[in-house]
Amino acid sequence: MTGSTLTEYIQMTRVRNAQQLLIYTRLKISEIAGQCGFNSFSQFNRIFNKLSGVSPSEFRKNQVTSNTASTTLSY
């Protein structure tokens with residue numbers, strides 16, 4: 001149905017959940033990895049980077065930057 005394996009679907013769902021937590025919380029990235037079901041921090045980083053194209057810390061940094069930029073532009 002999704003064009004991906006069950007494992008890929010689970011990984012995509014976990015990464016999407018992690019992205020939401022990175023955007024909307026100030027939890028440590030290692031805590032987010034555990035909450036999203038990853039058994040190891042290195043596994044989380046590798047899969048997140050593979051699916052998102054950036055590391056979790058870069059993703060969070062980019063979100064902060066784009067939120068700041070859009071707020072600045074809206075004035």
Identify which of S55, S30, S40 has the largest mean-square fluctuation in a Gaussian network model of the chain, with springs joining Cα atoms closer than 10 Å. S40
So how far apart, in nm, are the two label points at N17 and E58 if each is 7 Å from Cα heading toward Cβ? 2.5
Stretch L27-F41 to full length: gain in nm at 0.36 nm per residue minus the Cα-Cα span? 3.6 nm
Would you please report the Å³ per residue occupied by the convex hull of the alpha carbon atoms in the stretch 1-57? 78
Based on DSSP H runs of at least 4 residues, each adding -39500 (n - 2.57), what is the mean residue ellipticity at 222 nm of the chain after dividing by all its residues, to the nearest 500 deg cm²/dmol? -24500 deg cm²/dmol
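Every number here is computed from the coordinates shown, using simple stated rules; none is lab data. Worth saying up front: this structure is predicted, and the values here are computed from it rather than measured. Virtual Cβ from ideal backbone geometry, glycine too; neighbours counted across all protein chains shown.
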